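> Quick one: structure below, then a few questions.
The values are calculated or read from the model by the stated rules, or taken from the named source; none is laboratory data. Please read all numbers here as calculations on a predicted model, not as lab measurements. Accessible surface areas use protein heavy atoms only, side chains included; no ligands, DNA or RNA. Shrake-Rupley method; radii C 1.70, N 1.55, O 1.52, S 1.80 Å.
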Amino acid sequence: MSPVVSLIIAALVSAVIALICYIVSLRSGKTAPTALMTSGGAYLGTATLCLLVLEYLR
């Protein structure tokens with residue numbers, strides 16, 4: 001698997017997780033800026049872990 005494919009997979013998986021995190025944060029009563037910061041942190045964390053796993057499997 002090339003590095004570009006790994007980046008694309010990590011970006012797509014992270015975007016889905018961040019969107020779910022944003023929706024859950026809004027439904028739990030958080031304000032929009034707080035939910036956005038939470039989903040941004042989830043995006044960065046998921047992308048990092050996903051890239052580590054994909055590079056390990058490569």
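> Quick check: is even one residue across segment 16-28 in a loop (DSSP other than H, G, I, E, B) and either small (Gly, Ala, Ser) or modelled with pLDDT under 95 (or both)?
yes
One line per residue, one yes/no per condition, for (1) within 14 Å of the chain's Cα centre (by Cα); (2) of a type in the set (Val, Ile, Thr); (3) open to solvent by 40 Å² or more (accessible area, probe 1.4 Å):
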position	(1), (2), (3)
7	yes, no, yes
16	yes, yes, yes
19	yes, no, yes
28	no, no, yes
37	yes, no, yes
43	yes, no, yes
50	yes, no, no
57	no, no, yes
